[in-house]
Structure formats: structure tokens, C-alpha cells
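Below is one structure, written out as C-alpha cells, with a few remarks after it.
The values are calculated or read from the model by the stated rules, or taken from the named source; none is laboratory data. Here the structure is a predicted model, which means the values were calculated and not measured. With ideal geometry, Cβ positions are generated from the backbone for all residues, glycine too; neighbour counts draw on all protein chains shown.
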Amino acid sequence: MILRRYHAIVLGIALLLSGAVSHSSYEPLRHQWPRPDISLTPPHPWIALTFDDGPHPVMTEKLLAVLKQEGVPGTFFVVGKMAVRYPGIVQEIAREGNEVANHTFSHMNLTRMDNQRVLNELGQTRSIIRRLTGQDSVLFRPPGGDYTKRTLRLATKAGYHMVLWSVLTKDVSGASVEAMRHRILRRSSDGAIVLMHSGIPNTIEMLPGVIEELRRQGYHFVTVSQLLGLDHPSGGYQPAPLPDRPVYPMAQRPAASSISFHAAVPQS
């Protein structure tokens, strides 16, 4: 079994048993996650850049241009209702070699929803991603990082993998370019997952310099799926025709599968 995935599963089980609940203001513990033990793995620390809450017109496209210019992938946790509004940007995210993941449909607090609504929030966005990109994504990040034992069990039994973060940039709270740069460079380590947002001008301005410095330190930029040793979506980018008025029905609960966890463990 891939070591990084095993480590994440063990951490998640410990979190589940402890009954801890995370919030977006919490700073997760930093862990040294070993890479998958395969001969092709480069001897460098790995890091995943992630972006929440999009897609946004103009700003997400500027962000994509930066990633393309720097030659690094990002993992975009998209909001379903925004993906319906801007389907072409979702397709561009996938077409440029980035990963598209799930940030629920309406960006509401999952802990305040009943079970069926939680599954609908995840299922709708999963269906939208599949329709627009031809890829199936089971990674999700709860809005605000808010979850409970109930929502975590529910999502994982339905086949989803929750992903949090290990570096919080606070860009959505108005952090300056220099403050974000300092936080990323000070807190990053092998296996880091950096949380940013796709509609923040300071984030776009900060990225090139941070990527340059991380690369100088030997970091290898990967998607979250690569970081956690998960299989890549099969078939690559396969765009679907865009309907005039896309309609995405409420998703039914998928068949239950074995529970696994892929989340950094936060602390207050």
C-alpha cells in the first residue's frame, strides 16, 4: 500500500475517534508524509497548491495563466453553482492539466444539513464535474473546513475523500502578499497542502515569487491526488458539449464503499 495514503488513513481514523471538529481558522499540524515508494518518484519534497470557491470570471483565468506560465499544477475545489454559471472556466482548468475537485454545490455549512442534503451537495457537484470534464472526482473539501463525525462518516461511506490543508494563507481574510509569502515559506514541508482562493488578487500577485522560491528549495509541485497516492481520473480531459441551460438533477446516494480518510489533522 502506498505509504502516504496509509499515513493519511491512520490520521483520519484518529481524528474520527477523537470527535474533533475543524474550522477554517484552525492551523493543522504539519506532518512529514513519506512519498509513495516507487522508483519513478523524484527525490524532492512534494507540495500541492489548492484553490477554493471558484470558478470566478477573469480572476480564475488570470490564476490559470500564472500556473501555466510557471509550469505547475493546481487542485481547484470548485463550487457547483459557480461551475454551472461558468462551465467554460471549469473546462479550461481541466484542459490545462489541473485537478478539479468538489467544494459542494451551494458552499453552505455541511454540519447544519441532514444526511440527504449533504449527499446531494456533494453528488450534484460531482455530476457537474464529470459532465464538464469527463473526469470523476471523489475529493472534497467542506466549506470553511467545517465537519463532524456524522458528515465525515456519511461522505466517506459514499465513496468521497475529505481533504483539508496544512498551510493556511488567510488570503480570503485580506492577508498581504508579503504575509502570505511568509506563511507559505515558513510552514511548508514535504507533503504540504496549501489553501488559497481563486478569486483573490493578492494570491495571484504572490504566486510567481513563492513558486520560484519553493522550486529553489527543491519542491516538486503535484496535485492532491498525486500527493495522496490516489488514482488519476481515467481518460484525461474529455470536454462535454455545453447546454444552453444546464440542468443537473439532485444526485442519489452512491453505493456505500469502504471508509478511507485523506485529511490533515487540525488543532486550535
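Quick notes on this structure:
- Among the residues of the stretch 116-131, those identified as touching a residue at least 60 places away in the same chain (Cβ under 8 Å) and either in contact with a Leu (Cβ under 8 Å, 6 or more places away or on another chain) or of a type outside the set (A, V, I, L, M) (or both) are Gln116, Leu119, Asn120, Gly123, Gln124, Arg126, Ser127, Arg131.
- Looking across the stretch 83-108, the residues that are among the polar types (S, T, N, Q) and in contact (Cβ under 8 Å) with a residue 60 or more places away in the chain come down to Gln91, Asn98.
- Residue check, Glu121 surrounded by 22 or more Cβ atoms within 10 Å (Cβ to Cβ), out of contact with any Cys (no Cβ under 7 Å at 6 or more places or on another chain) and among the acidic types (Asp, Glu): yes
- Of all residues in the stretch 86-109 being part of a helix (DSSP H, G or I) and in contact with a Phe, Trp or Tyr (Cβ under 6 Å, 6 or more places away or on another chain), the one that is surrounded by the fewest Cβ atoms within 10 Å (Cβ to Cβ): Arg95
- Of residues in the stretch 152-198 being out of contact with any strand residue (DSSP E or B) (no Cβ under 9 Å at 6 or more places or on another chain) and polar (S, T, N, Q), the one modelled with the lowest pLDDT: Ser173
- Matching residues, the stretch 155-189, being part of a helix (DSSP H, G or I), in contact with a Leu (Cβ under 8 Å, 6 or more places away or on another chain) and buried (at least 21 other Cβ atoms within 10 Å of the Cβ): Ala155, Ile184
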